[in-house]
Amino acid sequence: MNDTQLPSKDTVLTALQNGQVDLSFTKVKDGEVRQMKATLVSDLIPEDKRPKSDKEPNNHEVACRVFDLSLQEWRSFRYDSLLSFNPIG
């Protein structure tokens, strides 16, 4: 995606809070492209993996912490490394 096509951070967070999102991004560590089906919907996250508090995961201006539905683990990506973004459903 080029800068004109990138969704805003608020758009990304809202989509993640409302359902599943297919996304891809460039990993900072090694430059590899990573694809992920992610969410922030607690009903889609196994109970033992849910945050212990009602507080939102550590999402800030640079990066977003999400639950990877395929790996069943928490992962983070940087907003500026986002390549594709597709809300599901």
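The values are calculated or read from the model by the stated rules, or taken from the named source; none is laboratory data. Please read all numbers here as calculations on a predicted model, not as lab measurements. Positions of Cβ are backbone-derived with ideal geometry, glycine not excepted, and every protein chain shown enters the neighbour counts.
Mind listing whichever residues of region 12-27 are touching a residue at least 12 places away in the same chain (Cβ under 8 Å), of a type outside the set (Asp, Glu) and not in a loop (DSSP other than H, G, I, E, B)?
Within region 12-27, Val12, Leu13, Ala15, Leu16, Gln17, Asn18, Gln20, Val21, Leu23, Ser24, Phe25, Thr26 meet the criteria.
As an exercise: evaluate Phe25 against (1) of a type outside the set (Asp, Glu); (2) modelled with pLDDT of 90 or more; (3) surrounded by fewer than 12 Cβ atoms within 10 Å (Cβ to Cβ) and give the number of the one condition it does not meet.
It is condition (3) that Phe25 fails.
Condition (residue is modelled with pLDDT of 95 or more, in a loop (DSSP other than H, G, I, E, B) and surrounded by fewer than 13 Cβ atoms within 10 Å (Cβ to Cβ)) applied to region 36-49: is it met by at least one residue?
yes
Test Arg78 against the stated conditions and say whether it is modelled with pLDDT under 95 and under 11 Å from the mean Cα position of the chain (by Cα).
yes
Is there any pair linking a residue in region 33-49 that is more than 13 Å from Trp74 (Cα to Cα) to one that is of a type in the set (Lys, Arg), with Cβ under 7 Å and at least six apart or on different chains, and which?
Between residues of region 33-49 that are more than 13 Å from Trp74 (Cα to Cα) and residues that are of a type in the set (Lys, Arg), the close pairs are Arg34/Lys27.
Looking only at region 2-11, which residues are surrounded by 12 or more Cβ atoms within 10 Å (Cβ to Cβ) and part of a loop (DSSP other than H, G, I, E, B)?
Leu6, Pro7
Given the conditions (1) outside any loop (DSSP other than H, G, I, E, B); (2) without any contact (Cβ under 8 Å) to a residue 60 or more places away in the chain, report the number of the one that Asp30 does not fulfil.
(1)
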